[in-house]
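All remarks here apply to the structure that follows.
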Amino acid sequence: TLLNRECVNSTSYSSQLEDSGCDVSNDSAFDSLGIASDFHQSEHVNTSKRWLERVPPLNLCHTSKEQFLTAPVQFLQHLLEIRKLSEGGILQADFSELENDPFTICNSVSQLLDGLTIFYNSPKFPVSNFLTEAVCVLISLLTDTKLSNHVLKKCFKKLEEFNKNLIQIILRNSSVNRFQALHSVSQTLILLGRNNILRNSLILLLLSEVRQFAEQLLQAQQVQSVYDITQYENIFPLCMILEQLLQNETEKSNVSSSDYEGEEKIKFLKNLDQIILHLSDEFPLFSLYLWRVSVLLNSDQMQ
């Protein structure tokens, strides 16, 4: 839940940024939520009361970008709490009805994804606790088996589009102080990758992006043309996300990588040794990442 420390003093802004040696004095911190002061928590209340007090009444008067997230976040928070409180209790909630009428939940998920995209397209620091809360609510919804089965059936394309948008935000970000923002987006992608279905889809998207960039970089080197140094710097977060997702996959003995052992894997591994050989002298770090990913992709055969 949100904490009262959401009201961040703007003077602490510079201390929370990684020092890039550039002047960021013109930037401003997130506007504090007008509803932050309404959050109350007590150590002496029971679970039901804490649940009722967890989310404040919806305030539609504030004008910050958080208005795009407030309503869907609150609705999904309540849904998750109902799901939690009904499990194993006297009052059982029949969530199978969601299969017949999932519009409300899917509409809220869609609004939440659109709001998160707006945030990540124009990140401000320090990162709002409300943004973290919104991501956590989405992850909780996707990892709850009784809810995610209904949500993924209707929202998979929207979730996949959201992953594509986050990847493009990473690749196209050219601001000077972008690395902390890229880290925030990367962490969200890694969290989304914890869902089995989304993980396989995300791995395919990342394999495609890294492969295409490697081929473009090789072509630029062969004809001695200029390459985009910003995109080269931004490709490394994608490589790290891909490596972490593949590493998590290989550590789970009961999960097979067969879902992404199709055409995209074949494309990625095709002529990869030659690509690494030609790029290794001028781009050793990127070549190393390509090799590490290839090892993880072939881990089943190696074992």
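What follows draws every value from the coordinates through simple rules; no lab data is involved. Treat the numbers as computed from the prediction; the structure is a model and nothing was measured. Neighbour counts run over all protein chains shown; Cβ positions are idealised from the backbone, glycine included.
With each pseudo-label sitting 7 Å past Cα toward Cβ, what's the GLN244-GLN274 distance in nm, one decimal?
3.4
If Lys and Arg each add +1 and Asp and Glu each add -1, what is the summed charge of the other residues whose beta carbon sits under 14 Å from the beta carbon of LEU272?
+2
Going down the table (LYS124/LYS265; LYS124/LYS146; LYS158/LYS265; LYS84/LYS153; LYS153/LYS267; LYS164/LYS270), which pairs top 30 Å between alpha carbons?
LYS124/LYS265; LYS124/LYS146
Counting only Cα, what are the radius of gyration and maximum Cα-Cα distance Dmax of the stretch 69-193, in Å?
15.7, 56
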